[in-house]
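Take a look at the structure set out below.
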Amino acid sequence: MSIAEKMASNQKQIAISEFFEKNKHFLGFDTLNRAIITAVKEAVDNSLDACEEARILPDISIEIQRVPNKKDNLILIAKDNGPGIPQKSIENVFGKLL
C-alpha cells in the first residue's frame, strides 16, 4: 500500500450536509442576517449565471417568508426565467449537496 493510499484510508469522509452544519461560520450562515444575505446572493448569482449561459435577459424574483411559530426559520423562494434543470439531472445537481 502506498503512502497516499494509507493517508486516504485514514481520512474520515463526511456528508456535505454535515460539513455545512459544522462550518456555518465559514459559509456565511453563522447568524440569521448573514444567512439571509448569503442565501439571496447565491440564488441571484445562480439565476444570473444560468440566464447568461442561455443568453436570456434575466427576470428574477426573491421572496422571503417567516415560518409560523419558528422564530429563526425562513423560507426563501427564488424564481427566474432561466432554462431550469432537466428532471433527470436534479439528483446530480442537488442530491450530493443535501
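Bear in mind these aren't lab numbers, they're just calculated from the coordinates by the rules spelled out. These figures come from a predicted structure and were not determined experimentally. Note that each Cβ is placed from the backbone with ideal geometry, even for glycine, and that neighbours are counted across all protein chains shown.
The count of lysine pairs in the chain that are at least 8 places apart or cross chains, and whose C-alpha atoms lie under 23 Å apart, stands at 17. Counting Lys and Arg as +1 and Asp and Glu as -1, what is the net charge of the other residues whose Cβ lies under 15 Å from the Cβ of Q65? Here the count lands on +2.
Helix-derived [θ] at 222 nm for the chain: sum -39500 (n - 2.57) over DSSP H runs of at least 4, divide by residue count, nearest 500?
Working: 4 runs with 42 residues, N = 98.
My calculation for the chain gives -13000 deg cm²/dmol from helical runs alone.
Among D45, D59, D72, the largest mean-square fluctuation in a Gaussian network model of the chain (Cα springs under 10 Å) belongs to D72. Taking the Cα-to-Cβ direction at E18 and at D45 and moving 7 Å from each Cα, how far apart do the two end points lie in nm? Between E18 and D45, the simple spin-label model gives 2.6 nm. Exposure proxy for T38, T31: other Cβ atoms within 10 Å of each Cβ, ordered fewest to most, give T31, T38. When only Cα pairs below 8 angstrom with a gap of at least 6 residues are kept, the chain shows a relative contact order of 23 percent.
Kindly provide the trypsin sites (Lys or Arg not before Pro) of the stretch 47-98 that DSSP labels as loop, not H, G, I, E or B, and whose Cβ sees at most 15 other Cβ atoms within 10 Å. Intermediate values should be presented prior to the final figure.
Working: sites: R55, R66, K70, K71, K79, K88, K96; in loops: R55, K70, K71, K96.
Passing sites in the stretch 47-98 are R55, K70, K71, K96.
Working note: Karplus 6.51/-1.76/1.60 with θ = phi - 60° gives the stretch 39-54 the couplings 5, 5, 4, 4, 4, 5, 4, 4, 5, 4, 4, 5, 5, 4, 4, 8 Hz, where Gly and Pro are set to x.
Starting from the Cα gyration tensor of the stretch 46-98, take the square roots of the eigenvalues, sort them a ≥ b ≥ c, and report rounded, prolate or oblate (rounded when a/c is under 1.5, otherwise prolate if a/b is larger than b/c, else oblate). Each step should come with its number before you reach the end.
Numbers: a/c = 3.37, a/b = 1.46, b/c = 2.31.
It comes out oblate by the Cα gyration axes.
Please state the equivalent ellipsoid semi-axes for the chain: what are the square roots of 5 times the Cα gyration tensor eigenvalues, largest first, in whole Å? Intermediate values should be presented prior to the final figure.
On the way: eigenvalues 194, 98, 30 Å².
In descending order, the three semi-axes are 31, 22, 12 Å.
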